[in-house]
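Notes for the one structure printed next.
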Amino acid sequence: MAIQVTNFNPVWKYENVRNENLAQVEYTDGSYIFINCETINRTSVTINTIVYDKNSSITDAKLRGRITYEFVPMNVEGNLLGLAHDYVIAQLTTLNPGVTFTKVSLI
């Protein structure tokens, strides 16, 4: 599963949240976001994302950026990847009104 980004022109913005402090706003023209998450403890998780200009399985896909969210509260049991996708979409939608962030299956 990935997040596909549409309805942006020419770029969209993101922030890396590290150690509970906001970083400088950055911009990208990436259209696919791939997520990896790791449990910090029983109450929080770190979400690492990689942004590509197209599906990363395509040989000429180019890396466009990385986004990290640290200490994300984990308020559900089980599906960490689902939680991570929903969290990233919520954060980026807030920063980018009008841009569409959609979970997509790449199988």
Taking V72 as the residue in question, decide whether it is of a type in the set (A, V, I, L, M), assigned to a strand (DSSP E or B) and either surrounded by 11 or more Cβ atoms within 10 Å (Cβ to Cβ) or more than 13 Å from the chain's Cα centre (by Cα) (or both).
yes
Answer residue from the range 1-43, given it is surrounded by 13 or more Cβ atoms within 10 Å (Cβ to Cβ), of a type in the set (S, T, N, Q) and out of contact with any Gly (no Cβ under 6 Å at 6 or more places or on another chain) and is modelled with the lowest pLDDT among those
N16
Being over 18 Å from Y32 (Cβ atoms) and surrounded by 14 or more Cβ atoms within 10 Å (Cβ to Cβ) narrows it down to one of L80, L92, so name that one.
L80
Could you tell me how many of the residues in the range 1-60 are assigned to a loop (DSSP other than H, G, I, E, B), small (G, A, S) and in contact (Cβ under 8 Å) with a residue 12 or more places away in the chain?
4
Failed condition for N48, given (1) surrounded by 13 or more Cβ atoms within 10 Å (Cβ to Cβ); (2) modelled with pLDDT under 90, with all others met?
(2)
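The values are calculated or read from the model by the stated rules, or taken from the named source; none is laboratory data. From a predicted model like this one, the values you see are computed outputs, not experimental measurements. Note that each Cβ is placed from the backbone with ideal geometry, even for glycine, and that neighbours are counted across all protein chains shown.
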